[in-house]
Ligand code: HEC
């Protein structure tokens, strides 16, 4: 009789322990899917502010400024300055009313050897990056 009671007691204890253990593990299972969208949205340029600061840090710095800067080895590229903001704005042909006429859009969407960045320098800008630049121009190229 005592054996039976202790067996029931033990089973109950195991059940309680199993329930107690399953709760935290459920929680940690649900954490990664919660964290992932946040990571992705930080990675995607489409979710960053539509500003020159984003354009500079996400596109110009990694893909353009090693050529387009006053110390650049290519003297032609060194004269086309993309930094700072006030200097970029001096390229009037980059900011026409119809943004598809923009020299900036034209240069990054070309498919020949005059594309920016130049083919020998690496891959073209991604569709998402080109879309960001379009949206930025449409928004009136905010700083
Ligand atoms: C490998 C070096 C190199 C890289 C990288 C590069 N460029 Fe250029 N870029 C040049 C050269 C060289 C020219 C030609 C300058 C000239 O003769 O007018 C040029 C010209 C341009 C022009 C035309 C300037 C004008 O108004 O006449 C634009 C716009 C431009 N680049 C944008 C970019 C952008 C945006 C990036 C980055 C996405 C980039 N470039 C990356 C070398 C480079």
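Things worth noting here:
- Tally, over the stretch 118-140, of residues that are under 20 Å from residue 68 (Cα atoms), over 18 Å from the mean Cα position of the chain (by Cα) and in a loop (DSSP other than H, G, I, E, B): 2
- Residues satisfying the stated conditions in the stretch 103-143, i.e. at positive phi and in contact (Cβ under 8 Å) with a residue 40 or more places away in the chain: 122, 141
- Members of the stretch 83-92 found to be within 12 Å of the ligand (Cβ to nearest atom) and under 23 Å from the mean Cα position of the chain (by Cα), listed by number: 83, 88
- Subset of the stretch 60-82 that is assigned to a loop (DSSP other than H, G, I, E, B), farther than 19 Å from residue 45 by Cβ and out of contact with any helix residue (DSSP H, G or I) (no Cβ under 8 Å at 6 or more places or on another chain) - its residue that is farthest from the ligand (Cβ to nearest atom): 73
- Selection status of residue 46, exposed (fewer than 14 other Cβ atoms within 10 Å of the Cβ), at pLDDT 95 or above, more than 16 Å from the ligand (Cβ to nearest atom) and in a helix (DSSP H, G or I): yes
- Count of residues meeting criterion [within 9 Å of the ligand (Cβ to nearest atom), more than 12 Å from residue 68 (Cβ to Cβ) and in a helix (DSSP H, G or I)] in the stretch 93-104: 3
- So residue 112, is it at pLDDT 95 or above, farther than 23 Å from residue 143 by Cβ, near the ligand (Cβ under 8 Å from one of its atoms) and in contact with a helix residue (DSSP H, G or I) (Cβ under 9 Å, 6 or more places away or on another chain): no
The values are calculated or read from the model by the stated rules, or taken from the named source; none is laboratory data. Bear in mind the structure is a predicted one, so any value in this text is a computation, not a measurement. Counting neighbours? That spans all protein chains shown, and the Cβs are built from the backbone with ideal geometry, glycine included.
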